[in-house]
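What follows is one structure encoded as structure tokens, with my remarks underneath.
The values are calculated or read from the model by the stated rules, or taken from the named source; none is laboratory data. Quick caveat, the model's predicted, so the values are computed rather than measured. When the accessible area is computed, the model is the full protein with side chains, heavy atoms only, and any ligands, DNA or RNA have been set aside. Shrake-Rupley method; radii C 1.70, N 1.55, O 1.52, S 1.80 Å.
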Amino acid sequence: QVQLVESGGGLVQTGGSLRLSCAASTRFFSIATVGWYRQAPGKQRELVASITNGGNTDYVDSVKGRFTISRDNAKNTVYLQMNSLKPEDTAVYYCNLRLVGMDHWGKGTLVTVSS
């Protein structure tokens, strides 16, 4: 069973920055696609950013130019650097790892952006 542990969430003012981290417990991390999703109150979970094993990245339009996803395969960790945060970025952020067609999820970390 793959375990994903997120950290780095918290309360920040509009325009501030946070860096989320997600550590994975699988030795196959380097071949997995990993990503960050978020779910705001009353809304569906949405993909924020993803990165393939080859380093290709994808972002939802609303975060392009502000968020950066990266990975460190030596540490089995994926990061999400979030800059210029807005109140609409407030959500629970979930780490996702896709391996051999199976999705694994972390428990989430809350990001709150105050106006």
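For this structure, a couple of remarks:
- Other-chain or far-sequence residues with amide H under 5 Å of L85's (modelled H): G15, G16
- Evaluated over region 1-59, the Cα radius of gyration and Dmax, each in Å: 13.4, 38
- Percentage of interatomic Cα-Cα distances in region 26-85 larger than 18 Å: 36 percent
- The lysine pair count for the chain, using Cα distances under 23 Å and pairs eight or more places apart or on different chains, is 6.
- Rounded accessible area of I69 (nearest 10 Å², 1.4 Å probe): 10 Å²
- For the chain, the antiparallel share of DSSP beta bridges with both residues in that region comes to about 90%.
- Fraction of the pair-distance distribution of the chain above 21 Å, Cα-Cα pairs, percent: 30 percent
- Once backbone amide H atoms are built at 1.01 Å from N, V48 has W36, Y37, R38 as its partners under 5 Å, excluding neighbours fewer than 5 places away on the same chain.
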